[in-house]
Amino acid sequence: MSVTAKQRLLKETERQLKTFLLEKDINSVLDILSANLSSYAVEEHPNESGSNDAQEMLDIYCDTKRLQGCSEKSITRSVYTLRRLFSALNVPVREITVFHIRSYLGKEKERGIADSTLEGNRSVYCSFFGWCQKEGLLKDNPCANLAPIKCAKKVKTPYSDTEIEKLKEKCRNPRDKAIIFFLLATGCRISEACSLNRSDLDLVNFECKVRGKGNKERVVFFDGVTAMMLERYLNKRKDDCEALFINRSDARIQPGGVRRMLRQLGAESGVERVHPHKFRRTLATNLINNGMPIQDVAAVLGHDKLDTTMEYVYQSKENVRNAYRKYA
């Protein structure tokens, strides 16, 4: 009898006993049944390692991630990635080996999938199967020897001062301009900015509270010009919506709406690759170039690791040349 079969038997027994026994009696019966079942050898059966077993493991995994504070977006992406793997392999989860996963990743690479995407998928597999092993759902972790996939690092540049000014000039209303000023001044993630309420703002002290990844709260800051743009935008509103930024229907604007607005501004202004996260990269680079300690920049961006913050910082050739001549 497998571990999963034992768990199902105990659950079904508990359900049936609830109809005619008290809770204390039910617990006694379950303890006796569990003790008796522990004497049976544990082995796997194909019919218990199929799609139902995979779904049950995924459900428990998702519940664990939610308890750890992971966002629903991250959990949904992980489930999608794992289901694609299970469907492509068509092998019971308990029988998946590192050779299965390597073969699948190799075929995906041949299909033209980028190395960065494959490495992201590998990370999801490692997280899931590592968790399964720790929880005792799997004896071995098939990803234990699955090496990272090397990816070519692309240089991601921030907005230049000229590009920022071009975007500001093309803003058609106070809301769009307020969003650009706010993203540039605070470095907020687009999801954080869209979830803000008016009450989160402190226009006197030029700061506001945001709730980021992992449901962690932090304070971000902005300058007087940004405060003026926010105040000008809020004063023109006639709605009762609590959201800081709203759409044309007077409802909270969603990240997709901001992305569309920025893409349109980019097309009209001639600025390439306009997206919200680039404002975050721009702030990090500007703060570092102005002499702010890296640990303070990490606090502003809401990063736990300094290595993550350094990935946001663009070191221009001119800055490196000047630093070399200064210290060499």
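Values for this structure:
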{"item": "Residue within region 209-217 that is over 26 Å from R66 (Cα atoms) and either assigned to a strand (DSSP E or B) or assigned by TED's automatic domain parsing to the domain that holds E268 (or both) present", "result": "no"}
{"item": "Some residue of region 229-246 being crowded, with 20+ Cβ neighbours inside 10 Å, modelled with pLDDT of 90 or more and in a loop (DSSP other than H, G, I, E, B)", "result": "yes"}
{"item": "Qualifying residue in region 267-282 (condition: part of a helix (DSSP H, G or I), in the same structural domain as I179 (by TED's automatic domain parsing) and free of Cβ contacts under 8 Å to residues at least 60 places away in the same chain)", "result": "yes"}
{"item": "Qualifying positions in region 181-208 - touching a Lys or Arg at 6+ places or on another chain (Cβ under 6 Å), in a helix (DSSP H, G or I) and not acidic (D, E)", "result": "none"}
{"item": "Sole residue being in contact with a Phe, Trp or Tyr (Cβ under 6 Å, 6 or more places away or on another chain) and either among the hydrophobic types (A, V, I, L, M, F, W, C) or more than 16 Å from L183 (Cβ to Cβ) (or both), chosen from A251, A267, A243, A227", "result": "A227"}
{"item": "Filter pass, E165 being assigned to a helix (DSSP H, G or I) and without any contact (Cβ under 8 Å) to a residue 24 or more places away in the chain", "result": "yes"}
{"item": "Region 231-257 residues that are closer than 21 Å to E207 by Cβ and touching a residue at least 60 places away in the same chain (Cβ under 8 Å), paired with ones that are part of a helix (DSSP H, G or I) and of a type in the set (S, T, Y) (beta carbon under 9 Å, 6 or more apart)", "result": "F245/Y233"}
{"item": "Scope region 56-74; condition exposed (fewer than 15 other Cβ atoms within 10 Å of the Cβ) and either closer than 15 Å to G130 by Cβ or at pLDDT below 90 (or both); matching residues", "result": "I60, T64, R66, L67, Q68, G69, E72, K73, S74"}
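The values are calculated or read from the model by the stated rules, or taken from the named source; none is laboratory data. From a predicted model like this one, the values you see are computed outputs, not experimental measurements. A quick note on method: Cβ atoms are made from the backbone with ideal geometry, for glycine too, and the neighbour counts reach across all protein chains shown.
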